[in-house]
1. Just one of the numbered conditions (1) at pLDDT 90 or above; (2) exposed (fewer than 14 other Cβ atoms within 10 Å of the Cβ); (3) within 19 Å of residue B:78 (Cα to Cα) is not true of residue B:92; which one?
2. Considering only residues that are over 13 Å from residue A:82 (Cβ atoms) and in contact with a helix residue (DSSP H, G or I) (Cβ under 8 Å, 6 or more places away or on another chain), which ones fall in segment A:133-144?
3. Do any strands (runs of 3 or more DSSP E) lying entirely in segment B:210-285 carry at least 2 residues that are modelled with pLDDT of 90 or more and closer than 18 Å to residue B:191 by Cβ, and which ones are they?
4. Quick check on my filter: what residues within segment B:254-270 are crowded, with 20+ Cβ neighbours inside 10 Å and out of contact with any strand residue (DSSP E or B) (no Cβ under 6 Å at 6 or more places or on another chain)?
5. Being within 14 Å of the chain's Cα centre (by Cα) and in the same structural domain as residue A:94 (by TED's automatic domain parsing) is true for just one of A:139, A:196. Which residue is that?
6. Among helices (runs of 4 or more DSSP H) lying entirely in segment A:148-243, which contain 2 or more residues that are more than 12 Å from chain B (Cβ to nearest Cβ)?
7. Being under 20 Å from the mean Cα position of the chain (by Cα), at pLDDT below 90 and surrounded by 19 or more Cβ atoms within 10 Å (Cβ to Cβ) is the filter here, so list the residues in segment B:142-184 that pass it.
8. Would you check which residues across segment B:49-73 are farther than 17 Å from residue B:262 by Cα and in contact with a helix residue (DSSP H, G or I) (Cβ under 8 Å, 6 or more places away or on another chain) and list them?
């Protein structure tokens, strides 16, 4: 066979293989979304977003308490986790060979592989066991602990992509080292850092295990982080484990709401970044 | 078919023949007095860890003139340039010895304020490196940082710098566009405008044309020629014709040593060192 024809065939084969891999990778995602929509959308109505659960046996009710709980706990986790994670990421990217950065990088890699339930147990011993009651704070702390290593690593990787020449340009204009890091390097990587943070937020929004040991869950509307709190993944867990057919439908609907919440969060964070920092950010 | 003969040959930009720098005659040679030296280098050496890069350099860079540094790759030209604004500080293991004085003050003194030094000594790099911001912001970055002018005067300053960098007419209608949308040559002129925004006295240029096409190169060279009315320029270049075209003085570096320093005309027509002549005529390097 002609050499060129052979090459073209090999090229086509390789491209085909990769397209196939992409399809395989996307397939579960599409299936999950489709199932959620099919099984969940019928139970969705305005009351579902606004009401708290109906007593067992009665129909109706909603997951408003869990939406509030998830938003509050994830919000608090962001307040703790994002500054620490982003700060640590900046440090270990800017001083890559320092001993502290090497150790931090290693530990965060290990933490990234830690099962979230272990983090839940850890937060339980650290906070719940001492306070002698479950609380939203403990849940936030557990989620923050999960976020920090993720955010740190993505921030670091993003900053490492900034060309050295850009850094030099700023320094040569008289920027002090810290301002170069913040004003030029971090500014340039901001979209990447936002993406990394959003991934972490999305990831922890769906965490169930750490919340079982910390926030516990609740059937009532509450905005006190010092009390046990409901959360969407916990609600899914409870309803899916329940004996009633009605509960299973609610579990599907709640899972759909969880995905919607994450979607809205991501979208608004992206729009906000673009609004505040303009096209070049 | 003899296709090899039809490959278009890139015509080099029109260059005055060396060794007769055409523009030298236009700039009257200033009398060499102490006050005319913007940069004085005294027995300056530089190490990266155990490796010696520069050894015992001593020469004076005249004020408001273009000084070219030439020499084969790895001879320490860029390292020397980056010593003047202490950009080498970033590399671990940098050790300076001897003196480099800018306007009579040592740049290595412990009291040296790096921010102030780098405001006075601007730099243009080999590859254009504009910030991923608007054209306006790129030029305004330095002056805002160093609080050189009140905010309302910024547009004026930016315009002046862009005009000085011969870029104003090309960008005046799109100052808010991203600098990354400019061509390579425009980006490099923007980087020059950015350096001018800091209102420096000295401009260091590290092979500013090596990533540019011939036409852009010509524009930047014309610009350098204009800028020397107001700035002291030190330019590192690999391009012998360029050194001959734009510079008033030339220093020839070889393996970390300053082999020869003098008027460009003298270096290119009557080099004192055999090694200089060998390099200029292209026998090595």
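The values are calculated or read from the model by the stated rules, or taken from the named source; none is laboratory data. Everything numeric here is computed off the predicted structure, so don't read it as measured data. Cβ sites come from the backbone with ideal geometry, for glycine too, and all protein chains shown count toward neighbours.
1. Among (1) at pLDDT 90 or above; (2) exposed (fewer than 14 other Cβ atoms within 10 Å of the Cβ); (3) within 19 Å of residue B:78 (Cα to Cα), residue B:92 violates only (1).
2. Matches in segment A:133-144: A:134, A:135, A:136, A:137, A:138, A:139, A:141, A:142.
3. B:232-236
4. Matches in segment B:254-270: B:254, B:268.
5. On inspection, the qualifying residue turns out to be A:196.
6. A:187-205, A:209-212, A:232-241
7. The answer is B:142, B:164, B:165.
8. B:53, B:54, B:72
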